[in-house]
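Undergrad: Quick one: structure below, then a few questions.
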Amino acid sequence: MTASEAKKKIQELTEKINFHNDLYYQKNQSELSDFEFDQLLEQLSGLEKEFPELKLPDSPTQRVGGAITKTFPSMVHQYPMLSLGNTYSQQELEDFDGRVAKGLDGDPYEYFCELKFDGVSISLIYENGLLVKGITRGDGVRGDDVIANVKTIRTLPLKIKGKNIPARFEVRGEVFLPKNVFKQLNKEREDIGEETYANARNTASGTLKMQDSAEVAKRKLDCYLYYLLGEDNNVHTHEDSIKKIEAWGFQVSPTYKKCKNISEVLTYIQGWEKKRTELPLETDGVVIKVNNLDQQDRLGFTAKSPRWAIAYKYKSESTSTRLNGITYQVGRTGAVTPVAELEPVLLAGTTVKRASLHNANEIARLDLRIGDFVFVEKGGEIIPKVTSVDLSKRKGNSKQVEYISECPQCGTKLIRHEGEANHYCPNESGCPPQIKGRIEHFIQRKAMDIDSLGEKTIEQLYDLGLVKTPADLYTLKKEAVLNLEGFKELSTKNLLAGIEASKSAPFESVLFAIGIRFVGKTVAEKLARHFKTIDQLSNATYEQLIEAPEVGEKIALSVFTFFRNSENQQEIAKLKKAGLKFESEFKEPEKISTALAGKSFVISGTFQNYERDHLKDIIVAHGGKVLSSVSAKLDFLLAGENMGPAKREKAEALGVKIISEEEFDEKLKEAGV
């Protein structure tokens, strides 16, 4: 394909994909299947790799990320991002209204009310219709430009289309993790033995500052916009601004309302106090603004906040109830989680009977006693939590809760690793919830995808002694399945067919499925593609593991330990015998040139413009080789930031040439690449 043909095709694909992206995310309509959409995206991505100079600034491939940013440039806000004054009081709202009336000398005015979202403030700069900067709030005067990460948010337009678009404008909003995404993210972390995130807001904030935008894209951040700024926007009220950004394709929460007076504002606040829990994101109040922009200018600012706006904060709904007991749940990785068993109580529209107590440290911090009356809140409107004890109701003869020392399921003595808050049951092969949890993990959609199996069926299979490890699934017979409760001829056939079909799952999925602690889906993919076969992975030294992409000390130690356990070795042997795939089918990039033919590289550290996998692809595509360890035969050590000192020392001792990212780029240019 010529450059001219490629340019035309890239333009067509970009417009087509952006059209369907807008249709799906802005209008909730879809004309393409996910597969068809992904095929178009893959086609465009391939052309952009072949002709990088032709990539358009609004290319939808930015949605999936891939840019690596070690440091985020600091930017001064053209318009300071001031904080709002807060109140929890109706009287203070009425006092605010009085100050507005006085400041406007009795002129008529109205308010515009919007829900206050519990996310991360962002300032988006558009020039000539294109999104060029995404700046965090920072200290209000200066923030960080996280544009590569912002572009992964699929509801944000990369390019504005329409008439009379200002040459430059700014739109502000709130980046957030939807409740269901946050819940799923924590479920996945719990599943691989990682600590769960405390709340959605902090997780969204941390996600926006991640170095790898491809990882940001997987988090599925979202954004509501609520403020338009600029010199040539031709708007006279805040309502005009909202209508304009809606027309430009920005996602605005449909919960806003124009109010004629403070009485209508109070009605709006009361109306959303309960209803807000039904929204897809967390909210903590209402923002009230004077609607007319000229009147906003007249009212002006204090040193810290505007005089024409205020935030009303909802009080966290809390209630007191009796702590009847504490039970302990054991997860797949052996982590033990204490759960408060409560006298049922109504909270935020639902009856609460249980609340997480997290770990032994939290029980000690709260100084809990069975029979205490405890205060319970809904953390982030999702998970009930015990916040404190009503000491005025504590009985004199109550005793401190002693954390259990043995597993509640199998009786094994619990352990607690240094630096970790959780207690663990080490009896991996004999603790029922751990065994059943591993099987549930094995069959999930991201792993072996055996959708005809469920939690209750696994429970039956385990209790009847038919399945003690995932490998046992592949020896199940029709007669045994027919004996399960609820299974007839067709359901039995479907179950066995689903198990058989799972044998076609790629090595990357199998590696995730076997359940190595701390190895999530992404890390499993990186390990499978790096080591290529289960044998090479299982025989890898700790030093070789730590050199693999996405693998740090904690993961390397976990993987190394896993493969030296005889029971795990036996399980993998059984899975091999069953016919599962233990060799990666990932294809190396096609050869583009021989510019690096005969040259070998070791890649170490992090890089400004590349992922390590991307660097490997470039080297291989141009005829070079990528090795995992430094030796006298190595040609180049490609050194990024934070590379291991041992590698550098060894390379220097052996006289291996050490080159930077810039020198690597220069080497490619010299070779005509």
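The values are calculated or read from the model by the stated rules, or taken from the named source; none is laboratory data. Keep in mind the model is a prediction, meaning the values are calculated, not measured. All Cβ positions, glycine included, derive from the backbone under ideal geometry; neighbour counts span all protein chains shown.
Undergrad: Which one is nearest to Ile160 (Cα to Cα) among residues in region 229-245 that are modelled with pLDDT of 95 or more and among the acidic types (Asp, Glu)?
TA: Selected residue: Asp240.
Undergrad: Given the options Asn324, Asn292, name the one that is out of contact with any His (no Cβ under 6 Å at 6 or more places or on another chain), at pLDDT 95 or above and not assigned by TED's automatic domain parsing to the domain that holds Asp97. If you could, list the steps in order and put the result at the bottom.
TA: Details: Asn292 fails: not assigned by TED's automatic domain parsing to the domain that holds Asp97.
Step by step, each of Asn324, Asn292 is checked, and only Asn324 is out of contact with any His (no Cβ under 6 Å at 6 or more places or on another chain), at pLDDT 95 or above and not assigned by TED's automatic domain parsing to the domain that holds Asp97.
Undergrad: Next up: In region 162-186, what residues are in a loop (DSSP other than H, G, I, E, B) and within 17 Å of Val252 (Cα to Cα)?
TA: Leu177, Pro178
Undergrad: Sticking with this one: Check whether at least one residue in region 401-414 is in a loop (DSSP other than H, G, I, E, B) and more than 30 Å from Gln434 (Cβ to Cβ), and report yes or no. Spell out the reasoning first.
TA: Narrowing region 401-414 to residues in a loop (DSSP other than H, G, I, E, B): 401-405, 407-412, 414.
Adding the requirement that they be more than 30 Å from Gln434 (Cβ to Cβ) leaves none.
Looking for residues that are in a loop (DSSP other than H, G, I, E, B) and more than 30 Å from Gln434 (Cβ to Cβ), one finds none in region 401-414, hence no.
Undergrad: Out of the residues in region 65-120 that are of a type in the set (A, V, I, L, M) and assigned to a strand (DSSP E or B), state the one that is surrounded by the fewest Cβ atoms within 10 Å (Cβ to Cβ). Outline the logic, then answer.
TA: The initial filter retains those residues of region 65-120 that are of a type in the set (A, V, I, L, M), namely 67-68, 75-76, 81-82, 84, 93, 100-101, 104, 115, 120.
Keeping just the survivors that are assigned to a strand (DSSP E or B) gives 68, 75-76, 115, 120.
Details: Ile68: 19, Met75: 18, Val76: 10, Leu115: 25, Val120: 24.
In this case the residue turns out to be Val76.
Undergrad: Now a separate question. Residues that are hydrophobic (A, V, I, L, M, F, W, C), touching a Gly at 6+ places or on another chain (Cβ under 7 Å) and within 30 Å of Gly515 (Cα to Cα): list the helices (runs of 4 or more DSSP H) wholly contained in region 188-287 that include at least 2 such residues.
TA: Details: elements: 200-208, 213-219, 238-247, 262-275.
Helices (runs of 4 or more DSSP H) meeting the threshold: 200-208, 213-219.
Undergrad: From Lys477, Lys503, which residue is of a type outside the set (Phe, Trp, Tyr) and free of Cβ contacts under 8 Å to residues at least 60 places away in the same chain?
TA: The match here is Lys477.
Undergrad: Tell me the residue from Asn186, Asn180 that is under 30 Å from Tyr424 (Cα atoms), touching a Phe, Trp or Tyr at 6+ places or on another chain (Cβ under 9 Å), in the same structural domain as Leu115 (by TED's automatic domain parsing) and not β-branched (Val, Ile, Thr), please.
TA: The conditions single out Asn186.
Undergrad: Taking only pairs six or more apart or across chains, which ones have beta-carbon atoms under 6 Å, a first residue in region 343-367 that is within 21 Å of Asn186 (Cβ to Cβ), and a second residue that is part of a helix (DSSP H, G or I)?
TA: Correct list of pairs: Ala348/Thr277; Leu357/Ile363.
Undergrad: Turning to a different aspect of this structure: Which condition breaks for Asp535 when tested against (1) over 17 Å from Phe560 (Cα atoms); (2) surrounded by fewer than 17 Cβ atoms within 10 Å (Cβ to Cβ)?
TA: Against the list (1) over 17 Å from Phe560 (Cα atoms); (2) surrounded by fewer than 17 Cβ atoms within 10 Å (Cβ to Cβ), Asp535 comes up short only on (1).
Undergrad: So is Leu266 in the same structural domain as His236 (by TED's automatic domain parsing) and closer than 30 Å to Lys183 by Cα or not?
TA: no
Undergrad: Output yes when any residue across region 139-160 is assigned by TED's automatic domain parsing to the domain that holds Ile242, surrounded by fewer than 16 Cβ atoms within 10 Å (Cβ to Cβ) and touching a strand residue (DSSP E or B) at 6+ places or on another chain (Cβ under 6 Å), and no when none is.
TA: So far as region 139-160 goes, yes, one or more of its residues are assigned by TED's automatic domain parsing to the domain that holds Ile242, surrounded by fewer than 16 Cβ atoms within 10 Å (Cβ to Cβ) and touching a strand residue (DSSP E or B) at 6+ places or on another chain (Cβ under 6 Å).
Undergrad: Just a yes or no: is a residue in region 327-334 β-branched (Val, Ile, Thr), closer than 23 Å to Asn180 by Cα, modelled with pLDDT of 95 or more and in contact with a strand residue (DSSP E or B) (Cβ under 6 Å, 6 or more places away or on another chain)?
TA: No: region 327-334 contains no residue that is β-branched (Val, Ile, Thr), closer than 23 Å to Asn180 by Cα, modelled with pLDDT of 95 or more and in contact with a strand residue (DSSP E or B) (Cβ under 6 Å, 6 or more places away or on another chain).
Results for (1) surrounded by fewer than 17 Cβ atoms within 10 Å (Cβ to Cβ); (2) not hydroxyl-bearing (Ser, Thr, Tyr), shown as yes or no for each residue.
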residue: Ile262; (1), (2): no, yes
residue: Leu279; (1), (2): yes, yes
residue: Ser305; (1), (2): yes, no
residue: Gly331; (1), (2): no, yes
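Undergrad: Specify which of the listed residues (Gly419, Gly437) is under 20 Å from Pro338 (Cα atoms), among the small types (Gly, Ala, Ser) and in contact with a Ser or Thr (Cβ under 9 Å, 6 or more places away or on another chain).
TA: Gly437 is the lone residue from the list that is under 20 Å from Pro338 (Cα atoms), among the small types (Gly, Ala, Ser) and in contact with a Ser or Thr (Cβ under 9 Å, 6 or more places away or on another chain).
Undergrad: Restricting attention to region 580-603, does a residue exist that is at positive phi, charged (D, E, K, R) and in a loop (DSSP other than H, G, I, E, B)?
TA: no
Undergrad: Let me spell it out: the conditions are (1) touching a residue at least 40 places away in the same chain (Cβ under 8 Å); (2) in contact with a His (Cβ under 9 Å, 6 or more places away or on another chain); (3) not hydroxyl-bearing (Ser, Thr, Tyr), and Lys591 meets all of them except one. Which number is the exception?
TA: If we test Lys591 against (1) touching a residue at least 40 places away in the same chain (Cβ under 8 Å); (2) in contact with a His (Cβ under 9 Å, 6 or more places away or on another chain); (3) not hydroxyl-bearing (Ser, Thr, Tyr), just (1) comes out false.
Undergrad: Confirm whether Gly249 is of a type outside the set (Lys, Arg), at pLDDT below 95, surrounded by 13 or more Cβ atoms within 10 Å (Cβ to Cβ) and closer than 20 Å to Val171 by Cα.
TA: Yes; evaluated as a whole, the condition is true for this residue.
Undergrad: Return the residue satisfying two criteria in turn: it lies in region 564-595 and is of a type in the set (A, V, I, L, M, F, W, C) and at pLDDT below 90, and of such residues it is surrounded by the most Cβ atoms within 10 Å (Cβ to Cβ).
TA: Looking at residues that are of a type in the set (A, V, I, L, M, F, W, C) and at pLDDT below 90, I get Ala595.
Undergrad: If you don't mind, another one. Might you check whether a residue that is in the same structural domain as Cys259 (by TED's automatic domain parsing), under 20 Å from the mean Cα position of the chain (by Cα) and closer than 30 Å to Asn199 by Cα occurs anywhere in region 97-116?
TA: Within region 97-116 (the criterion being in the same structural domain as Cys259 (by TED's automatic domain parsing), under 20 Å from the mean Cα position of the chain (by Cα) and closer than 30 Å to Asn199 by Cα), the answer is no, since none of the residues qualifies.
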